[in-house]
Amino acid sequence: MSPEKLSILIVDDEQVVRDSLTQWFIGEGYEVETCASAAEALARLASREIDLVIADIRMPGIDGMELLEKIKTQQLETAVIMMTGYASVETAVRALKHGAFDYVTKPFDPEDLSVAVRNALQQRRLKLENRVLRQRIEDRHALDDLVGQSAPMRHLREEIGTAAGVDSAVLIQGERGAGRELAARTIHRLGPRRYNHLLVVHCGSLTDALMESELFGHEKGAIAGAQFRKKGKFEAALGGTVFLDEIADTSLKTQADLLRVMQERQITRVGGIQPIPVDSRVIAATSRNLAELIKAGRFRSDLYYRLSVLNIQVPPLRDRHGDVPLLAAHFLERFSQQMNRRFTGLDRAAVDLLVSHHWPGNVRELENVIERAAVVGREPVIRAQDLAVTRPPEAADDLRIENVERRHIVRVLESFGWNQTQSARALGIDRVTLYHKIRRYNLKPPGKVTRA
């Protein structure tokens, strides 16, 4: 590995050490910078990328061990070698445990230090290459779980790809079971924070007090039963993503707290007084109509605008019936492997039954149906009688509502000569939504279609 263009930052409060190491490593062909304190080094690392830090452990103010911890906490790719004139096994173990590549004792032979530097930089290069390769593989397969070739699914993939390429907040809307969490996880896996945590908060299942503790953490004794200090999701995400599922179920107080955190990028634990900086992306999801909740005064419009920098709509399964056979095959393969059963597919009657079903529970319902079929079915093919496809009691009401909607859409289309642009405007929806409803209800004009 050529040392050209590789940078070393020497951090030591002794001028003679800085000067001698600078002269040595410049002679080795490295780009060398120096700092007299850890605080100065952290400022330098914040402004530019450094390949390797060689730091003394004992320094005034922030010592070298704390500098090492801060470098690793900030997820920097910089390699670190620690040096000290006060050697001990305990100190060496502590340095290596906190992520140092090596530990050297003063006075040291410059040749030995050069070997350690070359090895540290070689390891760093291999880690970076592995990360790039892993990223390419993950990028190639991250969208594979979004099964389907329908127009709505192609559009969803495009939106997810756009959201993954930036670091803005995302609002994902869609019915329960349609795949909102899968969309959020895919955005995270493809995005710049992929190597950090994605932490999920199910907002609908928590009281205000528990929600506050879950999001922001608490100090010892701050709430009943709190025997220890606890980090909240925003603090624990540590450069990752916080996914707020069913955000519409939060109270107005929690919404105000979330808005403040997103604006100020800091939290205060319950029972605490010290603001704590946080760095996490927010992805929120809901199955409810936020516009109606805002009108009713049950959801803050300012939080809505803060969350919906990017707004993604996950289509219900009934709007992409052509994807049902692909999804069924996908789930059957997975459950066959899990259960060690040998199913080769579904027969024609089974596929027809699945495609004709309304799927009020969306993809989650289909997954459950296929799992049961894999349990009760006889190998090698799933048959229609293996599928427990049933309609819940409220489905009849859903059908009546759909019949009303269908007749209304037909009347509006006829009044505008089947001009979809004008009809969509009159219905108060966009043209893409109207297009999907026309396909969903299999609507056809009586004569020649007037194209929009």
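Each reported figure results from applying straightforward, stated rules to the coordinates on display, with no laboratory input. Owing to the predicted nature of the structure, the values given are computational and were not obtained by experimental measurement. Here the Cβ positions follow ideal geometry from the backbone for every residue, glycine too, while neighbour counts run over all protein chains shown.
Rank-order 345-355, 189-199, 275-285, 118-128 by packing density, defined as the average count of other C-beta atoms within 10 Å over each peptide's residues, highest first.
Put in order of decreasing packing, that is 275-285, 189-199, 345-355, 118-128.
If I take R0 = 56 Å and measure r between the Cβ atoms of Glu379 and Lys127 in this structure, what FRET efficiency does the formula 1/(1 + (r/R0)^6) give, to the nearest 0.05?
Numbers: r = 45 Å, r/R0 = 0.81.
The calculated FRET efficiency here is 0.80.
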Problem set entry | Cα centroid separation, segment 20-49 to segment 289-330 (Å) | 50
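If you take the alpha carbon radius of gyration of segment 146-313 and divide it by 2.2 N^0.38 Å, what ratio comes out, to two decimals? Present the calculation step by step, with values, prior to reporting the outcome.
On the way: Rg = 16.1 Å, N = 168, 2.2 N^0.38 = 15.4 Å.
Working it through for segment 146-313, the quotient is 1.04.
Arrange the following residues from fewest to most other Cβ atoms within 10 Å of their Cβ: Met262, Met59.
Values: Met262 16, Met59 22.
Ascending number of Cβ neighbours within 10 Å: Met262, Met59.
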For this session: Add +1 for every Lys or Arg and -1 for every Asp or Glu among the other residues with Cβ under 11 Å from the Cβ of Val117, and state the total.
Result: -3
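If you rank Thr105, Thr254 by fewest surrounding Cβ atoms within 10 Å, what's the result?
Working: Thr105 14, Thr254 20.
The order, fewest Cβ neighbours first, is Thr105, Thr254.
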Exercise. If you count, for each residue, the other Cβ atoms within 10 Å and average over each peptide, how do 60-67, 241-248 line up from highest to lowest?
Worked result: 241-248, 60-67
Exercise. Among the listed pairs Lys106/Lys231; Lys97/Lys230; Lys97/Lys220; Lys127/Lys220; Lys127/Lys233; Lys127/Lys231, which are separated by more than 32 Å between their Cα atoms?
Worked result: Lys106/Lys231; Lys127/Lys220
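If the chain between Arg118 and Thr162 were fully stretched, how many nm would it gain, using 0.36 nm times the residue separation less the Cα-Cα distance? Display every interim value, and only then the final one.
Details: separation 44, 0.36 × 44 = 15.84 nm, distance 3.95 nm.
So the chain would gain 11.9 nm between Arg118 and Thr162.
When only C-alpha pairs under 8 Å and at least 6 residues apart count, what is the relative contact order of segment 317-386, in percent? Before the final figure, lay out the partial values.
Values: 75 pairs, mean separation 29.6, N = 70.
For segment 317-386, the relative contact order is 42 percent.
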Exercise. Each label point is 7 Å from the Cα along the Cα-to-Cβ direction; what then is the distance between the points at Met339 and Asn403, in nm?
Worked result: 3.7
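To the nearest 0.05, what FRET efficiency results for Arg425 and Asp63 with a Förster distance of 60 Å applied to their C-beta separation? Spell out each step's value before the answer.
Values: r = 67 Å, r/R0 = 1.12.
Approximately 0.35, to the nearest 0.05.
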Exercise. Applying 1/(1 + (r/R0)^6) with R0 = 51 Å to the Cβ-Cβ distance of Phe228 and Ser301, what FRET efficiency is obtained, to the nearest 0.05?
Worked result: 0.85
Exercise. With the contact rule set at Cα under 8 Å and sequence spacing of 6 or more, what percent relative contact order holds for the chain?
Worked result: 11
Exercise. So, in Å, what gap is there between the alpha-carbon centers of segment 241-286 and segment 406-423?
Worked result: 43
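Tell me whether segment 1-63 comes out rounded, prolate or oblate; compute the Cα gyration tensor, take square roots of the eigenvalues as a ≥ b ≥ c, and use a/c under 1.5 as the rounded threshold. Don't skip to the end; give the middle numbers.
On the way: a/c = 2.61, a/b = 1.40, b/c = 1.87.
The shape class here is oblate.
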For this session: Quick one: grab Rg to one decimal and Dmax as a whole number for the chain, Cα atoms only, in Å.
Result: 29.1, 93
For this session: Please arrange Phe25, Phe228, Phe335 by counting, for each residue, the other beta carbons lying within 10 Å of its beta carbon, fewest first.
Result: Phe228, Phe335, Phe25
For this session: Show that you can apply the helix-only estimate: for the chain, add -39,500 (n - 2.57) for every DSSP H stretch of four or more residues, divide by all residues, and state [θ] at 222 nm to the nearest 500.
Result: -15000 deg cm²/dmol
